[in-house]
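Take a look at the structure set out below.
The values are calculated or read from the model by the stated rules, or taken from the named source; none is laboratory data. Because the structure is a prediction, the values reported are computed rather than measured. Because the Cβ atoms are built from the backbone with ideal geometry, glycine has one as well, and the counts that use them run over all protein chains shown. The accessibility values were calculated without ligands, DNA or RNA, using every heavy atom of the protein model including side chains. Shrake-Rupley method; radii C 1.70, N 1.55, O 1.52, S 1.80 Å.
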Amino acid sequence: MPNRRFADGEMVMGRWPGSVLYYEVQVTSYDDVSHLYTVKYKDGTELALKESDIRTQSSFKHRKSQSSSSSPSRRSSSRSRSRSPGRPAKGRRRSASQSREHKEDKKKAIQETNLALLKPSENNTRRYNGEPESTERNDTSCIILEQKSKPDLEIERVLEQYSLRPRKEEKKKEEIYSEKKIFETIKTIEKVSPKTKELEFGGRIGTFMLIFFLPATVLYLLLMCKQDDPSLMNFPPPLPALESLWETRLFGVFLLWFFLQALFYLLPIGKVVEGLPLSNGRRLQYRINGFYAFVLTAAAIGTLLYFQFELHYLYDHFMQFAVSAAVFSLALSIYLYIRSLKAPEEDLAPGGNSGYVVYDFFTGHELNPRIGSFDLKYFCELRPGLIGWVVINLAMLLAEMKIHNQSMPSLAMVLVNSFQLLYVVDALWNEEAILTTMDITHDGFGFMLAFGDLVWVPFVYSLQAFYLVGHPTAISWPVAAAITILNSIGYYIFRSANSQKNNFRRNPADPKLAYLKFIPTATGKGLLVTGWWGFVRHPNYLGDIIMALAWSLPCGFNHILPYFYVIYFICLLVHREARDEHHCKQKYGLAWERYCQRVPYRIFPYIY
């Protein structure tokens with residue numbers, strides 16, 4: 001194993017990928033497997049560089065002293081011999097000296113210009129945000145800043161100022177230092193996936209415990225809802241016999257449901273779009289037909305009801321269906337991990353490549369596992385669990401009517417079904433937006449997402465409807481109207497915030513988004529500081545929490561059990577928010593710190 005040349009914490013000069021320029025960086029770590037140094041630039045950007053792209057600071061100082069110690073008279077005399085002998089010697093020496101100074105000025109200007117293109121200064125941020133510009137920093141970076149709004153005019157002005165003309169080499173530099181090229185270069189550098197160093201969820205021990213704790217939590221919640229008095233004082237609930245939790249026929253019904261949704265996914269209907277660039281620059285293709293699958297499922301369920309199929313059968317065997325889904329998700333997770341062992345390094349998930357079996361099994365080792373064009377993670381994210389959630393809610397509504405001999409469902413049950421139906425339809429209608437979420441772009445597909453998509457979403461998110469079957473709650477129309485307004489506010493914040501983010505990510509130059517201000521970053525992306533994203537850092541989470549509260553309020557206040565979803569959702573989103581904060585700070589560096597100063601509140605305005 002070759003010895004490393006540079007130590008952690010050492011200040012060196014690192015070459016910026018795709019260029020010939022070196023900048024002062026600090027070595028933060030070294031990977032013995034890939035033999036890459038992780039270095040940190042002054043703006044906070046972290047990249048992995050080869051040893052050949054790193055030099056000591058003394059080597060640059062030595063070159064500078066060598067250049068200044070060379071004899072200027074010797075250089076001028078050598079040039080004078082190639083000039084016309086008719087000119088006076090004095091004039092020739094003066095011309096040579098002026099030419100050297102002019103060339104050095106031009107070289108310095110080019111370097112300053114390239115640096116400004118590469119790293120927008122804090123002054124640039126103020127100009128983007130419409131704040132007054134400091135007069136103390138009136139340098140070339142200001143010119144490059146204005147290039148954002150008038151690129152052709154400002155490039156021409158810089159070329160005129162320094163007597164530069166568009167040549168083949170200069171055009172190549174402009175292409176390299178454009179923001180798009182920088183972003184692609186960074187993605188190429190990340191092609192070699194380093195080992196995951198920062199472990200989440202309590203590391204190996206925490207993820208091992210979660211593998212057992214999550215199924216136990218689902219079992220506990222469902223057993224408590226079946227009790228006449230689902231109070232916390234009645235813990236633990238009486239456990240059923242193990243043989244009563246499993247029924248092979250119900251497992252077959254679950255498989256039939258899963259493969260029916262897979263069939264709908266494979267139908268050649270709906271548009272095909274490309275996802276965000278992967279670490280190797282590729283873009284995977286996805287067919288957007290989730291809403292069509294929902295319509296076809298609704299037609300199938302309607303047909304079953306027309307032929308007198310008793311859908312409330314789901315309520316009578318709810319526990320067995322949950323166990324069947326858990327067993328299937330575990331089997332799927334084992335398959336996913338085994339196949340990920342043969343996946344190329346570039347296909348592994350950034351957060352699931354720790355080298356620890358249990359941790360990678362839980363978080364997901366492979367980023368986008370596919371069977372041909374069938375994307376397993378993308379399919380499970382919206383189809384079987386999310387659509388199944390609506391079907392379960394409908395089954396609970398029918399079970400309430402049958403058990404309590406009602407001709408109409410209760411107002412509380414109607415509100416819960418309506419609110420959650422809106423949420424699911426919105427997700428399927430805006431299916432393309434999920435391609436920009438961390439679940440797709442960052443998280444691998446392992447037990448965490450498999451169990452979450454196939455078990456937690458359909459069987460825990462339907463907890464309010466399941467609770468109301470055994471514990472009916474009467475609410476008045478004014479109270480129902482107030483709850484509906486609360487849900488509408490949460491939905492409006494959730495949808496408008498997500499739309500702003502998704503549209504800006506896909507096309508920042510869209511004229512419809514011209515009113516949005518943002519902070520530029522070294523990756524080429526921008527951080528929104530207006531609209532909902534200038535109000536709090538995660539407005540979509542704020543909308544989620546408000547809606548979760550509106551879903552639980554129709555269940556009344558007799559027991560805390562229906563509010564488990566609200567408590568869970570707050571804990572989940574706070575965890576996600578902390579993870580997002582850490583991820584963005586590493587990715588955007590100083591730009592993220594400026595964003596946090598501009599938008600101080602995370603989820604709850606004036607509180608958190």
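Here are some notes:
- Per-peptide packing, taken as the mean over residues of other Cβ atoms within 10 Å, places 591-598, 571-578, 547-554 in the sequence 547-554, 591-598, 571-578 from highest down.
- Our summary of shape: the Cα atoms of the stretch 201-474 have principal axis extents of 60, 44, 32 Å, ordered from largest down, in whole angstrom.
- Here the stretch 201-474 is assigned +1 on the Cβ of each Lys and Arg and -1 on the Cβ of each Asp and Glu. Its dipole about the Cα centre then comes out at about 340 debye.
- Listed pairs Lys271/Lys342; Lys197/Lys342; Lys40/Lys342; Lys50/Lys501 exceeding 27 Å between Cα atoms: Lys271/Lys342; Lys40/Lys342; Lys50/Lys501
- Magnitude of the charge dipole for the stretch 476-607, about its Cα centre and with charges confined to Cβ atoms of Lys, Arg (+1) and Asp, Glu (-1), is about 520 debye.
- Counting Lys and Arg as +1 and Asp and Glu as -1 over every other residue whose Cβ lies under 13 Å from the Cβ of Ala433, the net charge comes to -1.
- Ranking by accessible area, most exposed first, for Thr484, Thr523 with a 1.4 Å probe: Thr484, Thr523
- For the stretch 10-58, the relative contact order is 35 percent, taking Cα pairs closer than 8 Å that sit 6 or more residues apart in sequence and dividing their mean separation by the residue count.
- Residue-normalised convex hull volume from the C-alpha trace of the stretch 388-497: 109 Å³ per residue.
- 13 Å beta-carbon shell around Met547, net charge (K/R +1, D/E -1): -1
- Debye log10 I(q)/I(0) for the stretch 524-608, one point scatterer per Cα, at q = 0.19, 0.25 Å⁻¹: -0.85, -1.22
- The protection proxy used here, the mean number of other Cβ atoms lying within 10 Å of each residue, ranks peptides 382-392, 210-220 as follows, highest first: 382-392, 210-220.
- Applying the Kirkwood pairwise sum to the alpha-carbon positions of the stretch 198-248 produces a hydrodynamic radius of 13.0 angstrom.
- Only Lys, Arg (+1) and Asp, Glu (-1) charged, at Cβ; the stretch 10-58 dipole about Cα centre in debye: 180 debye
- The packing ranking of peptides 237-248, 532-543, highest mean first, is 532-543, 237-248, where packing means the average number of other beta carbon atoms within 10 angstrom of each residue.
- Cut-off 15 Å between beta-carbons: net charge of the residues surrounding Ile334, Lys and Arg +1, Asp and Glu -1: 0
- For the residues Leu232, Leu223, a 1.4 Å probe over the protein chains yields an accessible-area ranking, largest first, of Leu232, Leu223.
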